[in-house]
1. Work out the FRET efficiency for Tyr17 and Asp68 from their Cβ-Cβ distance, taking R0 = 25 Å, and round it to the nearest 0.05.
2. Which option, [x] 20; [y] 48; [z] 32, is the value of percent of Cα pairs over 33 Å apart that was calculated from these coordinates?
3. Amide H of Leu15: which non-local residues (sequence gap of 5 or more, or other chain) have their own amide H closer than 5 Å, using H built in the peptide plane?
4. Run a plain Debye calculation on the range 14-161 (Cα atoms as equal point scatterers, no solvent) and give log10 I(q)/I(0) at q = 0.09, 0.13, 0.18 Å⁻¹, rounded to two decimals, same order as the q list.
5. At 222 nm, what helix-only mean residue ellipticity would the chain give, in deg cm²/dmol to the nearest 500, using -39500 (n - 2.57) for each DSSP H run of four or more?
6. Send over a whole-number figure in Å² for the accessible area per residue of the range 6-105, probe 1.4 Å.
7. For the pair Arg215 and Val187, what calculated FRET efficiency results from E = 1/(1 + (r/R0)^6), where r is the Cβ-Cβ distance and R0 = 22 Å, to the nearest 0.05?
8. How much of the accessible area of the range 1-151, in percent, comes from carbon and sulfur atoms when a 1.4 Å probe is used?
Amino acid sequence: MGMMMAVSFERYGQLYYLDPGPHEPKIGDKVLVPTEGGPEVAECVWAPQWVSEDIDGLPVCAGLAGPDDLARDESNRRRRAEGRLAAKRLIRQHELPMKVTAVDYVSSGNVFTVYFSAPHRVDFRSLVRDLSSRLQARVELRQVGPRDEARLQGGIGPCGRDLCCATFLKDFEPVSVRMAKDQDLPVNPLRIAGACGRLMCCLKYEHPLYQEFHRSAPGTGALVDTPSGEGVVVGHNVPSDSVVVKLTADGRTCACPRASVCGSRKAYEEMHGGRQ
């Protein structure tokens, strides 16, 4: 158990968790976050609070940002904008099939890192030389895949909310079409793909619930007994933990809690030949 806070380097950007140490920043305060290139300015989006989880190993907040830190952060933002513009122009001049995804700048080492996407491997050695000369800094280029591109650029998902990968997801876990099928979702790439063009990460969130439900729920077409009488299973409603049953007596359809539905005596006798 310990104190934890969350910060973001960009508005509505990915969250990073810190140990507040002796500091007590409020939401909206600018704080210093330790990084490999030195302390960087970020905004507190989750004030320090006690959590029950083990938080050993979290980086410790380096305090509130002062005027000099804010001035350096604004200068770095201008340099990043300058680097993005220069990279786009030189890519056009070199006629390379590349798209700039993001640009990072570390002032302590005067280093630009340009993240880009491309359909295949690209020979960008001459581009790096020209870009380094124009920016008067060391330049590194890194190619990223579709999912990392979406994480870096951000955006809005089909649900209308900010992309999970750009806000709180730390790692990309494998997502399969089987997960969509298990959740009775249409196996249509346009319906189950995210902004990156790959299967949506959120398909994995509820999948264990569907697996557990199907292990114990009677399948479609099964003859069952319910509190309302005998019937046939015609569907499932996993979020409400219920089984949809068409009653034999009057053809009415009702949703019954999974725990209240069981295999009928008639089905048991048909399966076992009426033996006692």
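1. Efficiency, rounded to the nearest 0.05: 0.45.
2. Calculated percent of Cα pairs over 33 Å apart: the matching label is [y].
3. Under 5 Å from the amide H of Leu15 lie the amide H atoms of Phe168, each far enough along the sequence or on another chain.
4. Log10 of I(q)/I(0), two decimals: -0.38, -0.74, -1.12.
5. -8500 deg cm²/dmol
6. 59 Å²
7. 0.50
8. Here carbon and sulfur together make up 50 percent of the probe-accessible area.
The values are calculated or read from the model by the stated rules, or taken from the named source; none is laboratory data. Here the structure is a predicted model, which means the values were calculated and not measured. Cβ: placed from backbone, ideal geometry, glycine included. Neighbour counts: every protein chain shown. Side chains are part of the model used for accessible areas, which takes the heavy atoms of the whole protein and leaves out ligands, DNA and RNA. Shrake-Rupley method; radii C 1.70, N 1.55, O 1.52, S 1.80 Å.
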